[in-house]
Amino acid sequence: MTLERQKVALIGDGAVGSSYAYAMMHQGLAEEFVIVDVIKKRTEGDALDLEDAQVFTSPKHIYSGDYSDCADADLAIITAGAPQKPGETRLDLVNKNLKIMQSIIKPLVGSGFKGVLVVAANPVDILTYAAQKFSGFPKNRVFGSGTSLDSARLRVALGKKLDLNPQSVDAYILGEHGDSEFAAYSAARIGGQPFLDVAKKAGLSSDDLATIEDQTRHKAYEIINRKGATFYGVATCLMRISRAVLRDENTILPVGAPLDGEYGLTDIYIGTPAVINANGIAKVIEVPLNDDEKAKMTASAETLQKTTANGMAQL
Ligand SMILES: NC(=O)C1=CN([C@@H]2O[C@H](COP(=O)(O)OP(=O)(O)OC[C@H]3O[C@@H](n4cnc5c(N)ncnc54)[C@H](O)[C@@H]3O)[C@@H](O)[C@H]2O)C=CC1
Ligand SMILES: CC(=O)C(=O)O
């Protein structure tokens, strides 16, 4: 038996980052966990607070650190960046968060970090693309949370409609993690049956499905309007992604993956399922789409590529 000691570095200890750290405390994963943020008092306070949980969870060396502590991390998660204010879109954050990403990647690379890098800060697809470019890391070692949260939201909404555990709903939101995302209903499955057949039998019309898709797309705004930010949902997605990496699971999860011809697209990170293991992205899965969905994927990619080009040009 080999006794492994795995290490995770969290960069960005705000609402999302600290919720992720809390979620990770409840997993028997990452024996070492370092938290980095520009606000040192926050990381020190969080490390002291979170270490108390190990009495009831599992032993973990959790501490406030610096980029030099990231050198031997197996996984780094970036949640540092400005969040949306009510009324702001994720794309509105591009200029300020690209600058923050640039300021993070330099010392992270300088530390000698050789692990898998996962980005969650928004606009996540663009920041993931930038993180890979700034770092020069192989594309498979850098990916984003992509449409992980959006797909979870869709499964929750469909589960409610069909009176099913959302874990029994096999459905994806694809495209940008943002306003141009869409539901790939034609490929969704429930218990091995095409979702569209199940939905028809359950009396759901195409208008009902469009409403569910729209509500999923706008759920972040609903949450931000009520409590100022969203964090538990994405933190749990990040925990699930972390488990797939640290346990070398080869699990298919919706993430923000680098495309190399899938959906007719290249030079982009965008929401799609992919096989996740200790090397990061082991394989991108191209979901078979109908013509309408293909057009939505193309349009979503165009939005991302245009905003990426503008944002990168302004750095
Ligand atoms: N991908 C997804 O599904 C989701 C992404 N997000 C995004 O996650 C990001 C973080 O959101 P919150 O945690 O709510 O924000 P927050 O404002 O609570 O926390 C941001 C943290 O980043 C830190 N930070 C800022 N600049 C930094 C730098 N240069 N180096 C290190 N740390 C730095 C801040 O000090 C702060 O602790 C936002 O961009 C938000 O839009 C939020 C929810 C879901
Ligand atoms: C804020 C954000 O990106 C979300 O909750 O989807």
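The values are calculated or read from the model by the stated rules, or taken from the named source; none is laboratory data. Keep in mind it's a predicted model, so treat the numbers as computed, not measured. Virtual Cβ from ideal backbone geometry, glycine too; neighbours counted across all protein chains shown. The accessibility values were calculated without ligands, DNA or RNA, using every heavy atom of the protein model including side chains. Shrake-Rupley method; radii C 1.70, N 1.55, O 1.52, S 1.80 Å.
Overview of values
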{"quantity": "Within the range 219-261, considering residues that are in contact with a Pro (Cβ under 9 Å, 6 or more places away or on another chain) and more than 15 Å from ligand 2 (Cβ to nearest atom), the one most open to solvent (accessible area, probe 1.4 Å)", "calculated": "Ile252"}
{"quantity": "Which numbered condition Gly256 misses (of (1) within 20 Å of Gln132 (Cβ to Cβ); (2) over 16 Å from the mean Cα position of the chain (by Cα))", "calculated": "(2)"}
{"quantity": "Selected residue [hydrophobic (A, V, I, L, M, F, W, C), touching a strand residue (DSSP E or B) at 6+ places or on another chain (Cβ under 9 Å) and without any contact (Cβ under 8 Å) to a residue 12 or more places away in the chain] from Val124, Val142, Val156, Val116", "calculated": "Val156"}
{"quantity": "Cross-chain or 6+ apart pairs with Cβ under 7 Å, the range 43-62 first and within 16 Å of Tyr20 (Cβ to Cβ), then open to solvent by 90 Å² or more (accessible area, probe 1.4 Å)", "calculated": "Leu50/Tyr22; Thr57/His26"}
{"quantity": "Output for the range 269-315, where each listed residue is open to solvent by 10 Å² or more (accessible area, probe 1.4 Å), in contact (Cβ under 8 Å) with a residue 60 or more places away in the chain and under 21 Å from Leu98 (Cα atoms)", "calculated": "Thr303, Thr307, Thr308, Asn310, Met312, Gln314, Leu315"}
{"quantity": "Verdict on Asp207 being assigned to a helix (DSSP H, G or I), more than 18 Å from Ser151 (Cβ to Cβ) and away from ligand 1 (no atom under 16 Å from the Cβ)", "calculated": "yes"}
{"quantity": "Any hit, the range 224-242, residues being among the hydrophobic types (A, V, I, L, M, F, W, C), outside any strand (DSSP E or B), within 30 Å of Phe33 (Cα to Cα) and over 17 Å from the mean Cα position of the chain (by Cα)", "calculated": "yes"}
{"quantity": "Criterion: away from ligand 2 (no atom under 16 Å from the Cβ), of a type outside the set (Gly, Ala, Ser) and out of contact with any strand residue (DSSP E or B) (no Cβ under 7 Å at 6 or more places or on another chain) - qualifying residue of Tyr63, Tyr22, Tyr67", "calculated": "Tyr22"}
{"quantity": "Tally of residues being of a type in the set (Asp, Glu) and within 16 Å of ligand 1 (Cβ to nearest atom) across the range 148-194", "calculated": "4"}
